[in-house]
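The values are calculated or read from the model by the stated rules, or taken from the named source; none is laboratory data. Computed from a prediction, not measured in an experiment: that's the story for all the values here. Here the Cβ positions follow ideal geometry from the backbone for every residue, glycine too, while neighbour counts run over all protein chains shown.
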Amino acid sequence: MSACVVTRQWSWKHKILLALCTALCLFVLQLMGGKVYADDASAPYRGSTGCGVDTTRHTSYAGLLVEVYWFDSSGGLHAANDSMVRVWTDDGRPDTDPLNIVWLDSSDMHRGSYPAGNDMAFQQYNSGCGDGRNIVLGYSNTSTRSDGYGPRWALDCDASQYGLGNERWYHATGVGTPSGARSGGTWEVKTFQAINGYTRTVTLTYREPPPPNWRLTGSTSRSVSNVYPGQPVTFTSIISNNNEGGTASFQYGPRYFYSNTSSPSKTASGAYSGEISTVANKSAMLAPRGKISNITQNIAVPANQGANYICGTVAFDPSSSRGDRNGRSTAICIKINHPAISCGTFTPPAVEPGQQFTFTGQLNTNSAAAINANAGPTFSVLIGTTTYSGASVVVSSSSTGYTLTVNNVNISSAGAQPVQWGISSAYGSQNCPGTIYAAYHPYFSVTGGDISAGDGDSTNGPEDIISWNTDNVGEDYAGAGSQLAALASGDITSFVTGAGLGSNPSSLAFANTATGGTKYGGGYDAGNTMPTVSTASASALGAGNLASLDGVYTHAGDITLSGTVPAGKNVTIILTSGNLYIDNGGAGGIKYAYGNLNQIPRLTVIVQNGNIYVNSAVTEVHGVFYAGGSGKGNFYSCATASGAVTTDYNTCNHPLTVYGAVTANKLVLNRSYGSLRASPGVPAAPAENFFYSPEVWLAPATTTSGSSSTIYNSYVSLPPIL
């Protein structure tokens, strides 16, 4: 059996064998210097001890030099340090000598006693070439088997069996994963012939597999769904590496932006338009199924931000192993509620010139809290030409707006005064206009008697008594009222009863409606009843000259009365239709003329289906007056003609005193004289005074004059029975 081996021991036998092998070789191979060749199957060489292989002698053994490299997934070439190489033979020829990879004894070059096989893996050995990455088989200082066997391994050429030039073929490939390379790659397999007496060079490469795929996804949540400018918001994001096996390497960072839509679209680059970053990007490695949580950003929405939404996202780049860029989570948006400020309610106070009062104005908003949080708004109130601001304006806020209050305000003169209340804030300004009228409040009073409103006819509806009174606001109950009772089928408003008898404004008030506030009375459930007078002996009244009348008269149509009722006369006038107009005339209204108590006259006028009008210049009226009728029955204290009611201040600026009684469905008391409070040129006095004087009940009780009338011997004043 022949073998080829490299040795340093030279004997005459060796020389003969070397000459014989040389003569039998049919080819000459060029010495290649022991390095890697592009086509290593044709690169055997006969070398010296270069790279740790001595081939200066050869028998039927061959040496092997392997260099190993690996290519990364990007094509970069690297030395495969610390790699192992597997060598085996399998060329399909009968093998009578299975020891094809053999261990050589250094003394006699025979195969050692180590067990050997066709498939062996060798560790690397520093070949002396200076690269430290060679697998070397030869005579000495060769690579060691991976199972721990020592050096001095060689290939058996089996030239003695098959002849020179037909030596055995071998295979070589790498084992395992080169240091630094990704596992799962492939080693190339090289097939080469072990040429007798030569060393074969083989280059093996490992190709790293592409990195496992990975793909990032992100999600973002919000702290609130609605926000007002000036308030803080928080976006929290998560980045996940979906389970595709690869570890992701990327940079990430949170972003936010403003939008006018709740579902913004990404730009062509994959980002959102107008993104803002408040946190620097970070680098990260994320294993499969790994997550980065709690990626937060806190933003205070500027007070002047005009967009409808603030949106948050998280950016990650690249977003996949396939080269996708500018990954983003789907933006989540928060609605920006822009505070709206509008004018609220304003009820002008009923004030008189010089009267101190409290101004109150309202401002409406959907978020006072947001407005207050942004450097604080300022408020002001303008009344006439005076501006109130700062501490002089008391502000209270609620969820719906502001209430502005200014105390101890007064307007010196009568008339309309412009007012304005407003706010200046980071969200804009709002000024609200209004008008306060400083006006006198003429009122009427009833002295020594009662007042009644309503004729008992339910078809006319409830009838009211309404006037002006301080209603115990700062000044007791000054103003309109009755010394005795007030009766109304409707409301009694700002008209007190029992004036001077105590502090209960309802003590003698009888109304058909509930009480409270400025409404007095209650519990009265009967109306006024029109008196019944016999007209059997009545005369037709042609003219209204009171000086010539005595007895009962009837009249159909309008009539005008004025003048003086003579002493001792008892006149009753019944208007079956039409209105009564009390003119100023020469007497200045209707007066009584009498010299003693036995001569007190009486005037009774019953207007069954009409109204009573009093001329604006009339200041004194005596008598008892009734007004009734469906849709009529009103008593007007200021008129310029029958049916011509006026409210002109100067025309009606005269006092009116009625000595007697008036019963009507409605008293329309429109005199402008006096007011609740005195001011220059305006007294604190009633405009109308109904004086139920003794002459009402001292006059004759009958409807006729004469000696048969009742004569009173004594007079006693008793309280009313109610």
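Figures for the structure shown
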read-out: Enumeration of residues in the stretch 233-282 that are closer than 30 Å to Arg182 by Cβ and charged (D, E, K, R); value: Glu244, Lys282
read-out: Candidate set from the stretch 637-647 (those that are without any contact (Cβ under 8 Å) to a residue 60 or more places away in the chain and surrounded by fewer than 24 Cβ atoms within 10 Å (Cβ to Cβ)); member that is farthest from Asn570 (Cα to Cα); value: Thr647
read-out: Matching strands (runs of 3 or more DSSP E) fully within the stretch 44-96 where at least 1 residues are acidic (Asp, Glu) and either modelled with pLDDT under 65 or not assigned by TED's automatic domain parsing to the domain that holds Leu137 (or both); value: none
read-out: Matching residues in the stretch 174-222 - criterion: being in a loop (DSSP other than H, G, I, E, B) and without any contact (Cβ under 8 Å) to a residue 60 or more places away in the chain; value: Thr177, Ser183, Gly184, Glu188
read-out: Test result for Arg289, farther than 30 Å from Pro210 by Cα, basic (Lys, Arg) and either surrounded by 13 or more Cβ atoms within 10 Å (Cβ to Cβ) or out of contact with any strand residue (DSSP E or B) (no Cβ under 6 Å at 6 or more places or on another chain) (or both); value: no
read-out: Only listed residue being crowded, with 17+ Cβ neighbours inside 10 Å, of a type outside the set (Gly, Ala, Ser) and within 41 Å of the chain's Cα centre (by Cα), chosen from Ile436, Ile411; value: Ile436
read-out: Scope the stretch 663-686; condition surrounded by 22 or more Cβ atoms within 10 Å (Cβ to Cβ), of a type in the set (A, V, I, L, M) and outside any loop (DSSP other than H, G, I, E, B); matching residues; value: Ala664, Leu667
read-out: Search result, residues across the stretch 241-257 that are in contact with a Leu (Cβ under 9 Å, 6 or more places away or on another chain) and surrounded by fewer than 19 Cβ atoms within 10 Å (Cβ to Cβ); value: Asn242, Thr247, Ser249
read-out: All strands (runs of 3 or more DSSP E) inside the stretch 393-487 with 1 or more residues being at pLDDT 85 or above and not β-branched (Val, Ile, Thr); value: 394-398, 401-410, 415-425, 428-438, 444-447
read-out: Checklist (1) within 18 Å of Leu216 (Cβ to Cβ); (2) out of contact with any Leu (no Cβ under 9 Å at 6 or more places or on another chain) applied to Asn260, failing item; value: (1)
read-out: Residue identified as closer than 30 Å to Glu275 by Cβ, of a type in the set (Gly, Ala, Ser) and assigned by TED's automatic domain parsing to the domain that holds Ser398 among Ala368, Ala373, Ala331; value: Ala373
read-out: Scan of the stretch 256-272 for residues that are part of a loop (DSSP other than H, G, I, E, B) and over 16 Å from Arg325 (Cα atoms), ordered by number; value: Asn260, Thr261, Ser262, Ser263, Pro264, Ser265
read-out: Tally, over the stretch 584-628, of residues that are modelled with pLDDT of 90 or more and polar (S, T, N, Q); value: 7
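Here's the yes/no breakdown for (1) without any contact (Cβ under 8 Å) to a residue 60 or more places away in the chain; (2) crowded, with 21+ Cβ neighbours inside 10 Å:
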{"residue": "Arg325", "(1), (2)": "yes, no"}
{"residue": "Thr330", "(1), (2)": "no, no"}
{"residue": "Ser342", "(1), (2)": "no, no"}
{"residue": "Ser367", "(1), (2)": "no, yes"}
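Listed here are the residues, each with its yes/no results for (1) of a type outside the set (Phe, Trp, Tyr); (2) closer than 30 Å to Pro377 by Cα.
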| residue | (1), (2) |
| --- | --- |
| Asn243 | yes, no |
| Thr247 | yes, no |
| Pro254 | yes, no |
| Tyr258 | no, yes |
| Gly274 | yes, no |
| Val279 | yes, no |
| Gly306 | yes, yes |
| Ile310 | yes, yes |
| Ala315 | yes, no |
